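Have a look at the structure below before the remarks.
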Amino acid sequence: MVKIPYVAQSAFPLAWVLVAVLGALIRTRHSPSRQAALETWQRWWAAAALGCGSLWLTIAFLTIPDAMATTIGFDRTPFEFEIAFANLGLAVMGFRAASSSATARERITVGLGAGMFLWGAAIGHVYQWFANGDHAPGNTGGVLVCDLLFPAVMIALARRSRRLPTAEQPVTAALA
């Protein structure tokens, strides 16, 4: 079996953040408005970070459960199967939030739903870190950052979009 360096294993989940940020940056270079740019950011974050990141975990936990358990720092249990389907639920929610018909309210709800699972997982990771010295790459590092960021950024972007006017008016129209 090929040994992947600790830093690479620990940092891999951050690839989904990188995909979301780079995709949104490229797509918003010529956005016609702040609202359009914010919509693009929300869709990229929902699809790439939450959707693809969770789908990847679903596939990994179903196809290589022994490796995933080792990466987290545990022996294999039925827990991996349950986590696979919890992540499938997150992926479905992420892809729904990425659709053009998703509202800010729906995206906030998806962010909160994802947060309940991911923030709970983050608490578990931190507990295992300090209580049991679990420094496995799937327990600390990138996964911990993603557990905190995925829902928080989704909620923050959706809240920001609710505060922007739905149709940005040109400055001259406001003066008339």
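Pairs of Cα atoms in the stretch 1-128 fall into 5 Å distance bins, from 0 up to the last occupied one, in shares of 2, 10, 17, 21, 19, 13, 9, 6, 3, 1, 0 percent. Accessible surface comparison of Phe130, Phe81, Phe12, probe 1.4 Å, protein chains only, largest first: the order is Phe130, Phe81, Phe12. Residues in the stretch 115-120 carry Karplus couplings, in order, of x, 4, 6, 5, 5, x Hz; the curve used is 6.51 cos²θ - 1.76 cosθ + 1.60 with θ = phi - 60°, and Gly or Pro positions show x. Once phi is turned into ³J(HN,Hα) by the Karplus curve 6.51 cos²θ - 1.76 cosθ + 1.60 with θ = phi - 60°, what whole-Hz value does each residue of the stretch 27-38 show in order, with x for glycine and proline? Along the stretch 27-38, the couplings run 6, 9, 3, 10, 5, x, 7, 5, 4, 5, 5, 5 Hz. Within the accessible surface of the chain, defined with a 1.4 Å probe on protein heavy atoms only, the carbon and sulfur portion equals 69 percent.
Accessible surface for His135 stands near 100 Å², nearest 10, in the context of the full protein assembly shown (1.4 Å probe). Under the convention that each Lys and Arg Cβ holds +1 and each Asp and Glu Cβ holds -1, the size of the dipole of the chain around its Cα centre is about 820 debye.
Taking a point 7 Å out from the Cα of Trp129 in the direction of its Cβ, the residues of the stretch 66-87 whose backbone N falls within less than 16 Å of it are 72-73. Computed with a 1.4 Å probe over protein heavy atoms only, the accessible surface of the stretch 1-158 comes to 53 Å² per residue.
The values are calculated or read from the model by the stated rules, or taken from the named source; none is laboratory data. Just so it is clear, the structure is predicted and the values come from calculations on it, not from any experiment. For neighbour counting, all protein chains shown are included, and Cβ atoms are generated from backbone atoms with ideal geometry for every residue, glycine included. Side chains included, ligands, DNA and RNA excluded: accessible areas come from the protein's heavy atoms. Shrake-Rupley method; radii C 1.70, N 1.55, O 1.52, S 1.80 Å.
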